[in-house]
Amino acid sequence: MGLVDVLHLAAQQHGVVSRRQLRELGVSSSTLHRRRQRGELVDLAPGVLRVASSPPTFHMRCMAVQLATD
């Protein structure tokens, strides 16, 4: 997994990424589980996570809705 790739994508999307996007970046389910357990990624909407260091914003919620419906 390229953590830099994940963070770069999240930065372009107001701090959120979808599970589908993570799979496309090569993030394994075990890596995703570990990052969630550590609190690095936080569930935001069905199939959408936010980078924990990104403060919640209106734009983040809007992006999460869009990613959840794609």
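Could you check how many residues of the stretch 42-62 are touching a Gly at 6+ places or on another chain (Cβ under 7 Å) and either touching a residue at least 24 places away in the same chain (Cβ under 8 Å) or open to solvent by less than 30 Å² (accessible area, probe 1.4 Å) (or both)?
Result for the stretch 42-62: 4.
All but one of (1) out of contact with any helix residue (DSSP H, G or I) (no Cβ under 6 Å at 6 or more places or on another chain); (2) in contact (Cβ under 8 Å) with a residue 40 or more places away in the chain hold for Gly39; which doesn't?
Condition (2) is where Gly39 drops out.
Across the stretch 15-35, what is the number of residues that are more than 17 Å from Pro46 (Cα to Cα) and in contact with a helix residue (DSSP H, G or I) (Cβ under 6 Å, 6 or more places away or on another chain)?
Within the stretch 15-35, residues that are more than 17 Å from Pro46 (Cα to Cα) and in contact with a helix residue (DSSP H, G or I) (Cβ under 6 Å, 6 or more places away or on another chain) number 1.
Under 6 Å by Cβ, and 6 or more places apart or on different chains, what pairs join a residue from the stretch 1-28 that is within 26 Å of Phe58 (Cβ to Cβ) and outside any helix (DSSP H, G or I) with one that is small (Gly, Ala, Ser) and open to solvent by less than 50 Å² (accessible area, probe 1.4 Å)?
Gly15/Ser54; Val16/Ala64; Val17/Ala10; Ser18/Gly47
The values are calculated or read from the model by the stated rules, or taken from the named source; none is laboratory data. Keep in mind it's a predicted model, so treat the numbers as computed, not measured. Backbone-built Cβ (ideal geometry, glycine too); neighbour counts: all protein chains shown. All accessible areas refer to the heavy atoms of the entire protein, side chains included, with ligands and DNA or RNA removed. Shrake-Rupley method; radii C 1.70, N 1.55, O 1.52, S 1.80 Å.
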